[in-house]
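Notes for the one structure printed next.
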Amino acid sequence: MNLPPGFRFFPTDEELVVHFLHRKASLLPCHPDVIPDLDLYHYDPWDLPGKALGEGRQWYFYSRKTQERVTSNGYWGSMGMDEPIYTISTHKKVGIKKYLTFYLGDSQTNWIMQEYSLPDSSSSSSRSSKRSSRAASSSSHKPDYSKWVICRVYEQSCSEEEDDDGTELSCLDEVFLSLDDLDEVSLP
């Protein structure tokens with residue numbers, strides 16, 4: 001990849017869905033092309049580094065939507081948390097984020113996947129997809145690009161697990177919480 005110095009890839013959920021996944025599903029080009037296609041569900045998570053551009057310890061991939069998420073050593077299991085993704089400006093639902101965790105046998109690991117998908121099609125787009133699927137089946141077996149997902153994979157550290165209650169603190173919250181420690185400090 002020919003990226004400029006200092007390039008950082010840290011997209012928001014909305015950016016992943018609107019600027020990357022929607023373009024992929026619509027067969028439109030993405031520049032720069034930083035998210036590779038990967039049949040992700042055949043790889044164990046520790047084999048993923050080096051197969052894509054990562055930011056820190058997070059890796060991003062386009063993959064095909066599937067119910068079969070089994071690797072040679074384990075499987076990705078749903079954490080039961082699906083979040084709708086809305087645009088900031090119009091509050092329109094543009095995608096869904098599903099959380100999965102990797103299991104080795106019956107043991108849950110610290111590997112987490114966030115799977116981003118487009119919302120269910122409206123009736124007009126489903127009609128056009130039926131037409132395109134008929135055309136695709138009549139010609140050679142062309143892939144159905146509306147079934148793409150973006151996966152963000154990362155390994156959660158133990159300290160994040162213990163300290164994270166699902167809410168993030170703002171800088172001011174952290175300052176106010178640190179003021180509680182002032183009781184133990186003697187001032188001159």
| said: Residue pairs, Cβ under 7 Å, 6 or more apart or interchain, first in segment 70-96 and without any contact (Cβ under 8 Å) to a residue 12 or more places away in the chain, second open to solvent by 90 Å² or more (accessible area, probe 1.4 Å). List them. | reply: K92/Y86
| message | Yes or no: segment 27-46 includes at least one residue that is in a loop (DSSP other than H, G, I, E, B), among the hydroxyl-bearing types (S, T, Y) and more than 20 Å from S117 (Cβ to Cβ). | response | no
| Only one of S117, S107 is modelled with pLDDT of 55 or more and surrounded by fewer than 16 Cβ atoms within 10 Å (Cβ to Cβ); which? | S107
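The values are calculated or read from the model by the stated rules, or taken from the named source; none is laboratory data. Note that the coordinates shown come from a computational prediction; the quantities given were computed from them, not determined experimentally. Note that we place each Cβ from the backbone using ideal geometry, even for glycine, and neighbour counts take in every protein chain shown. Heads up: the accessible areas ignore ligands, DNA and RNA and are worked out on the full protein's heavy atoms, side chains in. Shrake-Rupley method; radii C 1.70, N 1.55, O 1.52, S 1.80 Å.
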